[in-house]
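Peer 1: Below you'll find the structure I mean.
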Amino acid sequence: MTFCSVFLLLFLILLFSSFEQSVSISSGSQRVILRSIINENSKDGDFAIDLNATNFDSVLKETPAPFAIVEFFAHWCPACRNYKPQYEKVARLFNGADASHPGIILMTRVDCASTINSKLCDKFSVDRYPMLFWGPPKKFVSGGWVPKQGKSEIIPIESGRTADVLLGWINKQLGSLDDGKYENEHLQTNTSDPGQIAKAIYDVEEATSTAFSIILDHKMIKPETRTSLIKFLQLLVAHHPSRRCRKGSADVLVNFDDLCPSSTMLVNNEEAESCSKNGVLENYQICGKEVPRGYWMYCRGSKNDTRGFSCGLWILLHSLSVRVEDGESNMAFRSTCDFVHNFFVCEECRQHFYEMCSSVSTPFKKARDFALWLWRAHNKVNERLIKEEASLGTGDPEFPKAIWPPKQQCSSCYLSPSKTSKENSKIDWDENEVFKFLVSYYGKELVTLYKESEQRGSGQTEKIVAEELVASTNAVVVPVGAALAIAVASCAFGALAYIWRSRQKNRKYKYIYSLKNI
């Protein structure tokens with residue numbers, strides 16, 4: 001076959017594919033959501049997650065989404081290239097920060113033309129491009145797909161060559177996405193159900209990743225903020241409820257001096273390029289690469305501009321407060337206050353929080369005191385926002401701000417109401433019961449699902465993880481450039497810095513290797 005005939009054949013295939021994808025369903029059968037995704041002004045971009053043989057199992061095993069779609073394609077295939085914009089329109093509804101239906105379906109792609117994916121594509125009997133499969137994510141991990149196989153939970157999507165046809169097929173599987181069933185199904189309006197907080201482990205990871213991205217995007221690592229970031233990273237390494245985030249924070253921390261050298265920052269009096277989004281620090285995923293980011297589970301609001309990051313950040317701070325030991329309580333308090341003051345970009349919120357921090361005159365000696373202070377601070381913020389949101393109409397109708405926890409969630413936290421008329425509007429708390437509730441809610445219950453997932457995946461128990469964590473943090477945590485600053489701020493870290501400085505050269509790479517076992 002001559003070069004001209006090959007070129008003509010490819011041209012005809014491209015022309016046929018373009019014609020095929022230009023055919024649309026009649027307007028009478030299109031729903032509101034279908035019309036929105038075929039809008040000519042829709043944003044372009046890659047929203048589907050690219051998978052390959054090295055990350056296929058880990059991504060699908062770790063995603064909290066109940067369903068997944070995997071597209072098998074070849075990058076040289078003209079029909080696949082033409083289909084990609086259609087597939088991405090649907091992926092934008094389910095993946096990414098602006099998804100209208102986040103957390104329901106993980107939309108992914110696998111390039112079978114890449115040699116590394118040959119066995120993976122054979123496992124799913126891919127014999128044409130593109131091929132789409134639907135099923136529970138973990139079923140893709142546990143097995144492949146065989147044609148005419150009975151009772152398989154992995155289903156091939158035979159029709160779906162346009163965005164509206166594919167979404168129509170999805171609607172038949174789930175019911176209607178337009179009636180709000182799946183959009184609001186996982187919104188946790190029943191606050192009395194303690195099991196709901198278990199889903200927030202994904203939101204704590206999301207909040208940690210988002211905070212790290214904001215710091216890099218805004219080039220917020222400066223000589224005067226550098227130490228406070230290191231101290232907060234150290235807190236995350238020791239006490240973050242997510243194993244992924246503990247490991248990722250340790251990766252950043254142990255390499256921080258190389259990635260963000262203090263000498264360059266001090267000489268130039270400005271942030272080093274490596275400390276910004278365009279620098280090498282961006283390559284570090286603080287909560288790992290296993291779970292695609294961009295949506296909220298427990299913290300998702302009924303509107304796109306409510307809850308989300310602020311909710312996830314509060315849960316992160318509460319989860320840290322109930323995990324610190326008594327001797328760390330004041331260090332954790334100062335680290336939290338300094339982190340919010342230096343890196344939270346909402347100016348009014350930042351100032352209000354720091355005022356509450358500044359009102360504390362006596363150092364905390366007990367972890368209980370820090371946890372209760374943070375709880376009271378959170379309720380003060382809610383009290384302020386209740387009034388503001390009521391007058392401006394900016395609150396989330398499904399999640400109005402309230403004093404927390406409510407009685408139905410912790411009845412023992414409430415004592416009998418005050419008898420004085422002036423005090424009638426105030427709540428008489430049993431703080432011992434409140435502390436027990438905080439420890440349980442943000443401790444054991446928060447990590448329930450995550451812990452079960454860890455044990456299924458690796459067979460490790462929380463005890464083993466804790467022991468390994470202690471061993472690693474005693475070996476090396478603090479970068480050289482930050483050791484002196486932290487030693488001045490905390491005597492406890494002085495000894496740790498001494499150990500680290502004396503053994504840095506021999507232990508650095510050994511430590512990085514040991515992080516695999518955290």
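The values are calculated or read from the model by the stated rules, or taken from the named source; none is laboratory data. Computed from a predicted model, the values in this text were never measured in an experiment. As a convention, Cβ positions derive from the backbone with ideal geometry for all residues, glycine included, and neighbour counts pool all protein chains shown. These accessible areas exclude ligands, DNA and RNA; they are computed on the full protein's heavy atoms, side chains included. Shrake-Rupley method; radii C 1.70, N 1.55, O 1.52, S 1.80 Å.
Peer 1: What helices (runs of 4 or more DSSP H) completely inside segment 251-331 contain at least 3 residues that are under 30 Å from residue 63 (Cβ atoms) and at pLDDT 90 or above?
Peer 2: 309-321
Peer 1: Moving to a separate point now. With the structure loaded, tell me whether residue 343 is of a type in the set (Phe, Trp, Tyr), surrounded by fewer than 21 Cβ atoms within 10 Å (Cβ to Cβ), in contact (Cβ under 8 Å) with a residue 60 or more places away in the chain and more than 30 Å from residue 105 (Cβ to Cβ) or whether it fails that test.
Peer 2: Yes; evaluated as a whole, the condition is true for this residue.
Peer 1: Scan segment 95-131 for residues that are in a strand (DSSP E or B) and hydroxyl-bearing (Ser, Thr, Tyr) and jot them down.
Peer 2: 108
The rows are residues; the columns are (1) open to solvent by less than 10 Å² (accessible area, probe 1.4 Å); (2) free of Cβ contacts under 8 Å to residues at least 40 places away in the same chain; (3) under 22 Å from residue 90 (Cα atoms); (4) part of a strand (DSSP E or B).
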{"residue": "133", "(1), (2), (3), (4)": "yes, no, yes, yes"}
{"residue": "140", "(1), (2), (3), (4)": "yes, no, yes, no"}
{"residue": "147", "(1), (2), (3), (4)": "no, yes, no, no"}
{"residue": "156", "(1), (2), (3), (4)": "no, yes, yes, yes"}
{"residue": "164", "(1), (2), (3), (4)": "yes, no, yes, no"}
{"residue": "167", "(1), (2), (3), (4)": "yes, no, yes, no"}
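Peer 1: Taking the condition modelled with pLDDT of 95 or more, farther than 26 Å from residue 433 by Cβ and either open to solvent by less than 10 Å² (accessible area, probe 1.4 Å) or in the same structural domain as residue 209 (by the TED database) (or both), does residue 361 pass?
Peer 2: no
Peer 1: If you go through segment 84-98, how many residues are within 19 Å of residue 52 (Cβ to Cβ) and either among the aromatic types (Phe, Trp, Tyr) or touching a residue at least 60 places away in the same chain (Cβ under 8 Å) (or both)?
Peer 2: 2
Peer 1: Related question: Limited to segment 372-399, what total is found for residues that are open to solvent by less than 60 Å² (accessible area, probe 1.4 Å) and of a type in the set (Asp, Glu)?
Peer 2: 2
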